[in-house]
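Worksheet: one structure, shown below.
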Amino acid sequence: MSPSPSSPSPHPSSPSDRPRRPRGPSSGPSSDDSLDLHFVGNATLLLRYRGLTLLTDPNFLHRGERAYLGYGLLSRRLTEPALDVTELPELDAVLLSHLHGDHWDRRARRHLSRSVPVVTTPHASRRLQGLHGFHRAVGLRTWEDHTVRRGDVQVRVTAAPGRHAGHPVLRGLLPPVMGSLLEFGPVTGPPRLRLYISGDTLMYPQLAEIARRFPGPDLAVLHLGGTTLPGGLLVTMDGKQGAELARLVDPRHVLPVHYEDYTVMRSPLSDFLAEAERAGLADRIVHCRHGQRAVVPPDGGPPVVGRADDLSV
């Protein structure tokens, strides 16, 4: 039975219920199955698929404003978001990797509708419901899934492993984080496009399960930046780890995000691009910078990148 739009599936996902798509072009999907992706900034993406609209990790603080990271830690934003939270279209859901001030900020909390579904971790779901009134927040444990539908299309969101820190003590101080596997397609048919979004994870052995359960996604969105806390504690992937994860997941294309936006981010995009070149992944990189849009086709072809007002699907 398909999972309800308002509750997570009680059964973990397994390789047997995920169709493997061929690497070459397929005659099934049409150009109408393209995904429109607007890179708003940091880890915030606006995703539109045939009328269905998702927002990831809403961060709308302006340049110079500070994000609260917990335990008295603040980080100043260095960039301006490409959209203001008040300029967003109607949303079908928000996808939140974890509850940190550079992924869910005070502007998002103030301006997003309390009726919008928020698909996130159990920890974040409890806080959003109990403290902030987002009563449709849904918490997913690793490999649980939740389906968001609009008309005859849907996206199934499956929670993937993620770990925000290496040391167990530091992990206990940081909010739990999840990656996400997104499968876009018709309600009555196989998925047309598959995305992997890493969330603020570091490399660790459990990530290998992603490649086994969801081989060869169309696009991997990697949270980079080499976020470093006082004492030199790394809590997001730097360029080297990002390239390692890209090789592990083996997507058709790779979009780097979450870099150069805050003062705690110490690994610039150039680090990742250099590591990707060394790993033989340069031809897979989607060069979509802050404020730009990319149209991801369903046939495995390269995404088309342009300014936000230059592209249409």
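The values are calculated or read from the model by the stated rules, or taken from the named source; none is laboratory data. As the structure is a computational prediction, the values presented were derived from the model and not from experiment. Here the Cβ positions follow ideal geometry from the backbone for every residue, glycine too, while neighbour counts run over all protein chains shown. Just so you know, the surface numbers come from the protein's heavy atoms only, side chains and all, with ligands and any DNA or RNA stripped out. Shrake-Rupley method; radii C 1.70, N 1.55, O 1.52, S 1.80 Å.
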Among the residues of segment 100-108, is there at least one that is of a type in the set (Asp, Glu) and under 14 Å from the mean Cα position of the chain (by Cα)? yes
Give 260, 244 a once-over and let me know the one that is open to solvent by 40 Å² or more (accessible area, probe 1.4 Å) and in a loop (DSSP other than H, G, I, E, B). 260
Residues satisfying the stated conditions in segment 33-92, i.e. open to solvent by less than 10 Å² (accessible area, probe 1.4 Å), on the phi > 0 side of the Ramachandran plot and either aliphatic (A, V, I, L, M) or free of Cβ contacts under 8 Å to residues at least 60 places away in the same chain (or both): 57
Name the residues in segment 285-307 that are open to solvent by less than 60 Å² (accessible area, probe 1.4 Å), outside any loop (DSSP other than H, G, I, E, B) and either in contact with a His (Cβ under 6 Å, 6 or more places away or on another chain) or not small (Gly, Ala, Ser) (or both), would you? 285, 292, 293, 295, 296, 305
Can you confirm whether residue 74 is modelled with pLDDT under 95 and in a strand (DSSP E or B)? yes
Please verify whether segment 179-191 includes one or more residues that are within 17 Å of residue 102 (Cα to Cα) and open to solvent by less than 10 Å² (accessible area, probe 1.4 Å). yes
Pairs where the first residue, in segment 180-192, is more than 26 Å from residue 222 (Cβ to Cβ) and the second is of a type in the set (Asp, Glu) and modelled with pLDDT of 95 or more, C-beta under 7 Å, 6+ apart: 186/152; 187/152
Hey, which of the strands (runs of 3 or more DSSP E) in segment 98-150, taking only ones fully inside, have at least 2 residues that are crowded, with 17+ Cβ neighbours inside 10 Å and among the hydrophobic types (A, V, I, L, M, F, W, C)? 118-120, 137-139
